[in-house]
1. Among the listed pairs Lys263/Lys285; Lys250/Lys285; Lys105/Lys179, which are separated by more than 25 Å between their Cα atoms?
2. How fast does region 94-237 diffuse by Stokes-Einstein, in µm²/s, taking the Kirkwood radius from C-alpha pairs at 37 °C and 0.692 mPa s?
3. What FRET efficiency comes out for Lys215 versus Arg277 if R0 is 25 angstrom and r is the Cβ-Cβ distance? Round to the nearest 0.05.
4. Rounded to whole Hz and in sequence order, give me ³J(HN,Hα) for region 291-304 from the Karplus expression 6.51 cos²θ - 1.76 cosθ + 1.60, θ = phi - 60°, writing x for Gly and Pro.
5. Would you calculate a helix-derived [θ] at 222 nm for the chain, using -39,500 (n - 2.57) for each DSSP H run of n ≥ 4 and dividing by the full residue count, to the nearest 500?
6. Answer with one residue from Gln150, Ala111, Tyr122: the one whose Cα lies farthest towards the positive end of the charge dipole of region 101-162, charges on Cβ with Lys, Arg +1 and Asp, Glu -1.
7. Check Gly313: other-chain or 5+ apart residues with amide H under 5 Å from its amide H, H built from backbone geometry?
8. Quick one: what Rg and Dmax do you get for region 69-133 from the alpha carbons, in Å?
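Read the figures in this text as sums done on the coordinates, not as results from a lab. Everything quoted here is computed from the prediction, not taken from an experiment. Note: ideal-geometry Cβ built from the backbone for every residue, glycine included; neighbour counts use all protein chains shown.
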Amino acid sequence: MRIFSSLFTLCALLMFGFTQSGCSSDAQSKEPDAEEIVPAVPVEAASVATGTIAAYFTGTASLEAEDEAMVVARAGGVVERIFVEEGDYVQQGQTLAQLDGARLKLELDRAEMEMAQQQRIYERNEELHAKQLISEEEYERVKSAYETQQAARDMAQLDLEYTTIRAPFTGVVSERMIKVGNMVATHEPAFRLTDFDPLLAVMHVPERELNKLSKGQTAQLRLDALPGQLFTGHIERISPVVDPTTGTFKVTVEVRDRSGNLKPGMFGRIRIVYDTRNETLLVPKAAVDAEDDEAAVYIVRDSMAFRQIVETGYEDDQHIEILTGVTDGDVVVTTGQSSLRDSSKVDVIN
């Protein structure tokens, strides 16, 4: 009986322990969960402000000279002297080179002597004609001979002058083709002369832009060879004809550079401003999220970001014009939009 009593007591204790353990587990499972805390998304933001923004057309072109010419020898001869080198700036009429003119000088001297002789004969016959001592026919023959010899003298003088090669306009010697001692033929190229002021940039613009561009509009030019420098010009000419093959029309931009840094052949990017709006609402470009032809920004109010559909206008390198959807002074998210949803909690860190 004692053994049965002890076993009964042990079983009762074990049952009590299991019961208490189960009750304890039930009690713990019935405790309410702690409330989940959603962290704020760190973002950067900027204020909507009023300012000025311009609309512009951009294109590319290579610079070319307005005036460029191949200077040729207008008389044949051996090159005696060269007075300029490539890169030299020359004035219109300045001597570039001198050819041997000894033979032409002799021909000029002979022509002048023959003309002087004909002049004496003409003057004597003019006196006789005034006294009616010679016929009209004889007088006209002598006069014609004198004038013919006078023209021959002038031609010989011109040929001698042509042995001096001169600059046809003011510019820079961009190429020299002759050397001292070379035999140069008539009309053979001797120099290339280029006028660097002004320089032209010719663009071929799509026809849809035709009504936006007009002569005199300001153009800004940036060149690959001169990074960080901005040059200003204007539209000098607009072709009235659209090329049916390409659907473009030709626009010529004139650029003047007093520094002399611009050179023909340089490749650049041109921006032509065709409209400007003042006192308009602007936001940083990074603030606008454009997707499926819809533009939106996140406006920050009371540490919450609210998605707002906006209508955009002009844009430049840094800003976008907002026509509707925001007001001056609104704070918009510029960095971190990809982690946001409408009414997200945010922490502005800038």
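1. Lys263/Lys285; Lys250/Lys285
2. My calculation gives 153 µm²/s for D.
3. Here the calculated transfer efficiency is 0.65.
4. Per residue, the Karplus-derived 3J(HN,Hα) values read 8, 6, 6, 10, 10, 8, 10, 9, 9, 8, 9, 6, 6, 10 Hz.
5. Helix contribution divided over all residues of the chain: -8500 deg cm²/dmol.
6. Going by the charge dipole, the pick is Ala111.
7. Residues meeting the amide H criterion: Glu321, Ile322, Leu323.
8. Considering region 69-133 through its Cα atoms, Rg and Dmax are 21.0, 66 Å.
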